[in-house]
Amino acid sequence: MMFVRTIVIICALILTSTSYAVTPAECGAKVLPETQGPVQVTPEDYNNLKAHEIESSGLQPSLNLMTSGGNSEDTAIMIFAVTGTVMLFMWIPYAALLTYRAIKKPECFDYHSLISADFNYLTNNESRSGTTMSLQYSYFLREKFDTDGKEFGFNFELGRYHFKDKEDAQLVNYTNNYWLAGPSILFGTLIRGALIPAFKIDLLAGTSFHSEVKLMLKADLKAMLIFPNQILAGIGGGADYIKGQRGRGILTHVNDLSTHILLTIGYFF
């Protein structure tokens, strides 16, 4: 009888010890406070969450600015390659030579300034769009008796951009200012009192005043018509490259490369 009572006591002790519930706090786990109502998520938290979901799925986020496919990237790369080649083999040697000659014989050279307002619309994407509005100043140099119709100059541009996601404004929606500078070639002599067709190539580099944008590049190809009253108007296209902080913030889900179409109106003197 004593033996049976001992067995019962031992079984009761085993059952009570195994059914003892241990709280997470007793094991050193972090206990989250209970929340009342919906949790407020900031745009930065939303972007970080999206980036984490992409990384956990094994996919690398595509950091191309306004494009969803490889075709527009290829077009942008081609535009940069063409403008870069032209500037390397034409602008650098000729601009250096003309500058040297202008220092020696300034009376043999003409100097022109051009001020223009440009409107760019970033293309090749169904879900995201972008626009830029800018004011550009160009300074050109050419020999007075040059019959080739080429003028070599330098640009400085100040502008403002706005990029947004058409489906989710929290993902991409920001506006800021930027500055760019770089070489320019004008095919078509700037002559007062004449109607002249012209073609302008620009290759610009700079940055934005936004902390997450590190580098901006732009290549413009402009077909213009210069009127006798020295006003000019034109259309064109080009490519953009925007280098931001990868994997975080506003540029997490946008592409580096894009193409654009543009309208320009200006005045030369």
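Where a number appears in this text, it was derived from the coordinates with a stated rule and is not lab data. None of the values given here were measured: they were computed from a predicted structure. A quick note on method: Cβ atoms are made from the backbone with ideal geometry, for glycine too, and the neighbour counts reach across all protein chains shown.
Please give the length that would be gained between R192 and Y121 if that part of the chain were fully extended, namely 0.36 nm times their separation in residues minus their C-alpha to C-alpha distance (nm, one decimal).
22.5 nm
Protection proxy ranking, highest mean first, for peptides 261-268, 193-200: 261-268, 193-200, where packing is the per-residue count of other beta-carbon atoms within 10 Å, averaged.
Counting other C-beta atoms within 10 Å, which of E151, E73 has the fewest, and how do the rest follow? Starting with the residue having the fewest Cβ neighbours, the order is E73, E151.
For region 70-268, a simple Cβ point-charge model (Lys and Arg +1, Asp and Glu -1, everything else neutral) yields a dipole of about 440 debye relative to the Cα centre.
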